[in-house]
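What follows is a set of notes on a single structure, which appears directly below.
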Amino acid sequence: MSKTRKSGVAILGWSMISKVLVMLSSIVLARLLFPEDYGYMAVAMLFDGFFNLFTITGFETYYVQKRDLSPEDDMILLGKVFFLRIRQSIVLFVLQLGLGIGLYFFKDQTLGWMLMILSTNHLLNLVGKPEETYLTKRIDLTKVALSNFLRDTVSSVAKIGFAYAGFGALSFVIGQTIGVLPRIYILKKAISLEVKVVKQGEDLREIFKFGQAVFMNTVGAFLTSQADSAILAAFYPKRDLGLYQFARKQSSLLFNIILAPLASFILSYISKLKQQPDQLNKKFDAIGLLIMYFITPGFVFLMFHLREFVVLVFSDKWVDSIDITQIFLFYYIIQFITYPSGYILTAIGKPGIKAKISWGFSVFMIISFFLMAYLGSPLWLYATFYALTYTVKDTVVGIVAFKHLEGGSFVSFVGRRFKEYPYLAIMILSSWGISELNLHFIFSFLLFIIVMLAALYVNSWLFKSKSLEFSLDELALNKYVPVLKRFKLLKS
């Protein structure tokens with residue numbers, strides 16, 4: 001198996017295991033903590049997210065997409081990128097630490113502690129950064145996937161431990177910081193690199209300019225994705241902010257665990273195959289089919305059974321978040337369906353175009369959110385506006401991206417995702433029908449699984465479809481084919 005396929009399998013495999021652990025930890029944390037704690041977390045993450053904007057400057061992306069270099073020139077370029085990263089991280093650490101100290105003494109001790117703890121991540125994340133960047137360029141991400149898994153696992157366990165010990169909102173940031181340590185260890189052990197920091201070179205200006213374009217795109221994306229929480233924090237009580245943040249966090253869980261870890265892999269892969277759009281579209285379609293077969297039906301089922309799920313899993317203290325959660329669930333269904341169109345412009349070296357789109361939408365959204373909060377709009381309306389506007393923004397990015405990729409259109413890309421529409425229709429109707437039976441959630445879920453397996457069986461045997469087998473082969477998941485054939489979900 002090639003390094004590329006091994007990397008894809010490793011990322012997907014470790015992500016799936018991580019998904020279970022993070023979901024379990026989220027359940028425990030929701031039972032141990034309260035909406036006010038989630039409100040504190042939301043405010044801390046807004047400040048931390050602002051500082052982290054400056055860490056996503058695209059220096060490493062410049063290195064990844066710069067190919068056809070000699071080994072010596074490649075290491076020199078990595079040294080230049082690492083120099084820019086070090087300089088930036090030290091400045092950010094000092095600024096965020098200073099803000100945390102100021103908040104501790106003059107505003108809010110809890111929030112101050114949270115920012116001071118999070119500021120150390122700027123320095124910790126420097127360790128292992130060259131190794132991660134080097135492996136990413138070569139699409140050799142097995143160890144990177146393992147390091148991400150250990151980070152998420154250790155972080156989740158630490159959060160639960162500190163929450164149980166009574167640290168409240170501080171549990172979130174302490175666990176997040178502790179989780180970085182095993183990731184550093186794995187990355188440093190993955191490959192032995194002697195990276196020399198290079199402080200001079202004519203292309204430093206070019207790297208910085210590329211980084212500026214990625215940064216501007218990131219700022220626009222941050223403003224559009226976080227403006228809602230920032231304005232909520234200014235106008236609404238912490239309990240409402242906590243309910244809103246809980247809804248967003250739980251709704252995004254599957255996306256962040258399954259697809260977000262694939263970001264570096266996808267960026268590198270698109271960069272490698274940008275001159276072969278037909279091959280890229282095959283990969284996109286293979287990913288899309290698995291999403292439509294296994295992920296989308298699960299989202300649909302939750303939409304119809306969300307109240308029972310929330311009460312059973314998180315307790316009834318989160319019932320007030322259900323209507324907001326349904327809105328965000330629908331938004332993340334769309335995110336899955338259009339994945340990975342949002343990465344294309346950056347991967348093909350045109351982050352500036354995406355930045356302009358993000359900035360245009362951010363201005364509109366900030367003004368709109370401010371007016372809605374000032375008028376005291378209900379949370380469900382606030383969430384609906386976020387979901388609709390951000391979906392339009394993602395659509396515009398996708399349309400423009402496929403024009404520059406020169407390999408089809410965004411409309412045809414999305415259209416191919418619905419190729420197996422009979423199966424999807426059956427799952428939507430089944431989810432609604434099961435909800436009308438008023439069964440216990442566990443029995444409803446088991447019945448849903450039975451219906452899904454039956455639908456896959458019918459799709460394979462009645463319609464003679466081999467699309468699932470082709471997709472598994474395209475993504476180097478052939479080892480699952482015999483299992484599916486054993487259960488008659490694929491034709492032998």
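The values are calculated or read from the model by the stated rules, or taken from the named source; none is laboratory data. Treat the numbers as computed from the prediction; the structure is a model and nothing was measured. Because the Cβ atoms are built from the backbone with ideal geometry, glycine has one as well, and the counts that use them run over all protein chains shown. Quick note on the areas: whole protein, heavy atoms, side chains included, nothing else; ligands and nucleic acids left out. Shrake-Rupley method; radii C 1.70, N 1.55, O 1.52, S 1.80 Å.
Between 285, 278, the distinction of being touching a Lys or Arg at 6+ places or on another chain (Cβ under 7 Å), open to solvent by 30 Å² or more (accessible area, probe 1.4 Å), closer than 22 Å to residue 404 by Cα and part of a helix (DSSP H, G or I) belongs to 285 only. Within segment 65-109, the set of residues being in contact with a Leu (Cβ under 7 Å, 6 or more places away or on another chain), closer than 25 Å to residue 351 by Cβ and free of Cβ contacts under 8 Å to residues at least 24 places away in the same chain comprises 66, 69.
Just give me the residues in segment 121-141 being closer than 15 Å to residue 93 by Cβ, assigned to a helix (DSSP H, G or I) and open to solvent by 30 Å² or more (accessible area, probe 1.4 Å), in sequence order. Listed by number, the residues that qualify are 123, 124, 129. Candidates in segment 89-120 are the residues that are outside any helix (DSSP H, G or I) and not polar (S, T, N, Q); of these, the one that is least open to solvent (accessible area, probe 1.4 Å) is 108. When 302, 345 are screened for being among the hydrophobic types (A, V, I, L, M, F, W, C), open to solvent by 20 Å² or more (accessible area, probe 1.4 Å) and assigned to a helix (DSSP H, G or I), only 302 passes.
Can you name the residue in segment 33-63 that is of a type in the set (S, T, N, Q) and in a helix (DSSP H, G or I) and, of all such residues, is least open to solvent (accessible area, probe 1.4 Å)? For segment 33-63, the residue satisfying everything is 61. When residue 196 is tested against (1) within 27 Å of residue 75 (Cα to Cα); (2) open to solvent by less than 40 Å² (accessible area, probe 1.4 Å), only condition (2) is not met. Could you please tell me which pairs satisfy a Cβ distance under 7 Å, a separation of 6+ or placement on different chains, a first residue in segment 463-474 that is closer than 14 Å to residue 419 by Cα, and a second residue that is modelled with pLDDT under 70 and hydrophobic (A, V, I, L, M, F, W, C)? Matching pairs, first to second residue: 468/490. Within segment 23-40, the set of residues being hydroxyl-bearing (Ser, Thr, Tyr) and more than 23 Å from the chain's Cα centre (by Cα) is empty.
Listed by first and then second residue, the pairs linking a residue in segment 320-332 that is under 10 Å from residue 387 (Cβ atoms) and open to solvent by 10 Å² or more (accessible area, probe 1.4 Å) to a residue that is modelled with pLDDT under 90 and not in a helix (DSSP H, G or I), with Cβ atoms under 7 Å apart and 6 or more places separating them unless they lie on different chains, are 332/252. Kindly check whether there is at least one residue in segment 40-56 that is under 26 Å from residue 344 (Cα atoms) and at pLDDT below 70. For segment 40-56, residues under 26 Å from residue 344 (Cα atoms) and at pLDDT below 70: present. Scanning segment 389-423 for residues that are of a type in the set (A, V, I, L, M, F, W, C), under 23 Å from residue 297 (Cβ atoms) and surrounded by fewer than 19 Cβ atoms within 10 Å (Cβ to Cβ) returns 414, 418. Checked against (1) modelled with pLDDT under 90; (2) buried (at least 21 other Cβ atoms within 10 Å of the Cβ), residue 172 passes all but a single condition, namely (1).
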